[in-house]
Structure formats: C-alpha cells, structure tokens
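What follows is one structure encoded as structure tokens, with my remarks underneath.
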Amino acid sequence: MGIETRPLAGQVVAITGASAGIGEACARALHEKGALLALGARRDKRLRELVEEFGADRAVGVVTDVRKPSECNDLIKAAVEKFGRLDSVIPNAGTGFYAGICEYDDEAVADVIDTNYAGTVWTIRAAVPQFRKQGDGGDIVIVASVAGFRGGGNEAVYTGTKHAQVGLAGSLDRELRGEGIRVTLICPAAVETEYALGRGRTAGDSQMANYLRADDVAHAVVTVLEQPRRVRTTVWQLWSIHEPS
Ligand SMILES: NC(=O)c1ccc[n+]([C@@H]2O[C@H](COP(=O)([O-])OP(=O)(O)OC[C@H]3O[C@@H](n4cnc5c(N)ncnc54)[C@H](OP(=O)(O)O)[C@@H]3O)[C@@H](O)[C@H]2O)c1
C-alpha cells in the first residue's frame, strides 16, 4: 500500500528562471521524476546545456523574459506544441537587491517589480487558458519567499513584490480551485544561489554555510506536485535550521 503519491512521469511542467538556482534545481529534480520540461529564462546557452543534458525528447528551452507577456505565452505554447499538454507551471524567475529604497536607480526598481510580480502574473495568465482547455485541473507553484510575510531590512522593493505574490496566490486559490487548479506558494528563507551570492554577499561568506540549498526548495516543489489531487498546499515556508528568523 504505502502513501499515495501522484506520479510525475510524463507530466508536462513549464518553469521560469530555469537557467540557474532554484529553477534549475527544480528542473533537475522533476527530470529525475520523469517529467517533461519547458524551460524558460533569458540565458539561451544555459537552457541549451540543460536540454542537451536532459535530452531533446524530454525538454525544450525557450528564451523567455518574463517581463514580456508574449514571451511567457511562447513558453507555454512551446510546451504544448512539443508535449501535447501542460500539467504544471512554476513561476520562479526573480531578482532583487540588498540596498536602501533610494540607493538604486529607477530601472533597477522597475526590473524587480516587473520580473517578480508582473512576470508571475504574465506566466500564470499564459498557463491558465491551457489548463481550462484541457479541463482536468493543473498546478501553479509560485516560488515566492518568506519575505512575502514580513518586512526585510534593505530589501523593501523586493519584499513588496513577494507580498504581492502572496496576495496574488491567495486570490487565485479562491478563483481557480473549483476548476481543480491548485495554487501553491513555496516560500524559502535564504538559499545559496547566484541571487544570494550576487547581491552583496560573496562565496565563502560565513552566513552562506547556514543557508538552504536550491535542492531543498526543489524537494518541496516535487512533494507538492506529487500530492494526490484531493490535497492542496497553499503555503510552504522553508527555513534553515541554523538561520535565526
Ligand atoms: N536565493 C534566495 O535566497 C531566495 C530566497 C527566497 C526566495 N527566492 C526566490 O527564488 C526565485 C529564484 O531565485 P534564485 O535564488 O534561484 O536566483 P538565481 O540563482 O539568481 O536565479 C534567478 C533565475 O531567474 C531568472 N530570471 C531573472 N530575471 C528574469 C527575467 N526577466 N526573465 C526570465 N527569467 C529571469 C534567471 O535567468 P536569466 O538570468 O537567464 O534570465 C535565473 O534563472 C526568485 O523568485 C527569488 O525571489 C530566492
């Protein structure tokens, strides 16, 4: 008997921000489970390397800037053209800065808002019509942050976008669950990725040893997707055992 899980083999999953960090870790974990992947990010070379590693019959890479709705649509379209359907979408692409509210320029502020919040909205708007067309539900797993539930020093704009993702997900859960579309927030605390390294922290920083690993987040994503369809997980917060909250 054992615990009932939902096999992911053959399921079609689209991931944004798949070229690095948490998105890449999700791609690897889902590939190991047998899922078929549509990988979106701006760095084409990294996407091509992943597709080569996974096999062109098991993955497709699509250069996607999530700030552009048409490119989010293209990612979903590529998944459906290649694999015939879409089972899950993981809006994960994100960016941020550790700096005071006036310490970075207008373009950088707009980039954080457009990538983290608008990019999540565009990605979901691209996927939902496909779920509806198929008529058998779907999964939206948003990689947000614990920053979506509290203030963060020197990361106000980023934190605001993460709160926005939380509000979006709570509303979409109400809007979509009647159609069998599950909406989950995966909310990690600090994770050792390029994001953490590139914004004011450096490799070897003693703080980093205490961070979560990207694989820890990927494990949560896989677990949520593997749950039987009668279960919906709305929020999963992940903290390192070492990190003070
Ligand atoms: N690391 C942490 O401490 C932490 C903690 C909590 C939550 N998170 C969240 O986790 C998510 C992933 O972050 P990460 O830590 O894995 O960061 P990362 O290693 O820097 O990876 C970010 C990913 O997002 C993609 N991306 C950035 N801007 C994009 C855009 N405009 N269009 C498409 N893709 C874009 C990047 O790909 P390209 O550059 O190739 O486009 C990359 O694949 C983010 O939403 C972040 O807020 C991270």
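Out of Glu81, Glu32, Glu49, report the one residue that is over 23 Å from Leu185 (Cα atoms) and away from the ligand (no atom under 14 Å from the Cβ).
Sole residue among the options that is over 23 Å from Leu185 (Cα atoms) and away from the ligand (no atom under 14 Å from the Cβ): Glu81.
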Go through (1) in contact (Cβ under 8 Å) with a residue 24 or more places away in the chain; (2) within 24 Å of Asp65 (Cα to Cα) one by one and return the number of the condition Arg182 breaks. (2)
If we scan segment 49-61, do we find a residue that is more than 19 Å from the chain's Cα centre (by Cα) and among the basic types (Lys, Arg)? yes
I want to confirm something. Restricting to segment 53-101 and keeping residues that are touching a residue at least 12 places away in the same chain (Cβ under 8 Å) and among the hydroxyl-bearing types (Ser, Thr, Tyr), which single residue is surrounded by the fewest Cβ atoms within 10 Å (Cβ to Cβ)? Tyr98
Condition first: surrounded by fewer than 23 Cβ atoms within 10 Å (Cβ to Cβ), away from the ligand (no atom under 11 Å from the Cβ), among the hydrophobic types (A, V, I, L, M, F, W, C) and over 24 Å from Val235 (Cβ atoms). Can you find one or more residues in segment 151-165 that meet it? no
Enumeration of residues in segment 86-100 that are modelled with pLDDT of 95 or more and over 15 Å from the mean Cα position of the chain (by Cα): Leu86
Could you go through segment 123-137 and let me know if any residue there is within 12 Å of the ligand (Cβ to nearest atom) and in contact (Cβ under 8 Å) with a residue 40 or more places away in the chain. yes
From the option list Ile140, Ile76, single residue qualifying as closer than 19 Å to Leu37 by Cβ, under 13 Å from the mean Cα position of the chain (by Cα) and within 16 Å of the ligand (Cβ to nearest atom) is Ile140
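The values are calculated or read from the model by the stated rules, or taken from the named source; none is laboratory data. Since the model is a prediction, treat every value here as computed from it, not as a measurement. Don't worry about glycine lacking a Cβ; one is built from the backbone with ideal geometry, like all the others, and counts go over all protein chains shown.
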